[in-house]
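The values are calculated or read from the model by the stated rules, or taken from the named source; none is laboratory data. Computed from a predicted model, the values in this text were never measured in an experiment. Positions of Cβ are backbone-derived with ideal geometry, glycine not excepted, and every protein chain shown enters the neighbour counts.
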Amino acid sequence: MKQVTATGQTVEEAVESALAQLNTSKEQTSIDIIDEGKKGIFGIFGSRPAVVKVTVTMNPIDEAKKFLHHVCEQMGAPVEIEVQHDGRQVYFILTGEKIALLIGKRGQTLNSLQYLTQLVMNRLSKEYVTVILDAENYRSRRSETLIQLAQRLAQKAIETGKEVSLEPMPSYERKVIHTALADNNRVKTSSDGTEPHRFVVISPLGK
């Protein structure tokens, strides 16, 4: 859980400072007053700042699930969610009658949901985690498509002698491209742009 120790002229100011640092609200935290502080003479001499420790008490996974349930219901596609862990990767497996609506064209809707869910998770998580949303085994099928795309575009880069830029992808998909071409000694791959619009560039290495 995230926590910070903050100071202020009063306990309330110290609490407000801590909440701002955590980007959260009182309802989502527990507050420990370490020192109530002291005003001092004329509010200056002998004064001592108030000190508080504020801890986020919400469970990141529960909040991420709650977020997903809410968004999917608002989209008219309620889901059931299964959670799986693999180190610092957290998988949310979605099932429902209108799952195609949540996947979207080339997975764009699913990727957007994944990005937003990751923001929710890491706002509350003590350690940085990677969130992966999957539905109807889409990620596995998408990986196969990306590997074929990587090989085809690498050949294009080799034949034309020019760099080839792919469409923006989440880090999970960019990694598939990098891995697929790691052993190809005629091209190199790199990522460019800023999240959530980073993309892979395939560059020919020459003959």
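Scanning the stretch 76-103 for residues that are surrounded by fewer than 17 Cβ atoms within 10 Å (Cβ to Cβ) and under 19 Å from Glu195 (Cβ atoms) returns Arg88, Gln89. All told, Ser112 meets the bar of being surrounded by fewer than 18 Cβ atoms within 10 Å (Cβ to Cβ) and among the small types (Gly, Ala, Ser). Right, Lys126: farther than 24 Å from Lys2 by Cβ, outside the structural domain of Leu19 (by TED's automatic domain parsing) and surrounded by fewer than 16 Cβ atoms within 10 Å (Cβ to Cβ) or not? No; evaluated as a whole, the condition is false for this residue. Of the residues making up the stretch 123-138, those that are assigned to a helix (DSSP H, G or I) and modelled with pLDDT of 90 or more number 1.
Within the stretch 159-207, the set of residues being assigned to a loop (DSSP other than H, G, I, E, B) and within 29 Å of Leu119 (Cβ to Cβ) comprises Leu166, Glu167, Pro168, Met169, Pro170, Gly193, Thr194, Glu195, Pro196, His197, Arg198. Looking at the structure I just gave you, is Lys156 over 30 Å from Val56 (Cβ atoms) and outside any helix (DSSP H, G or I)? No, not satisfied.
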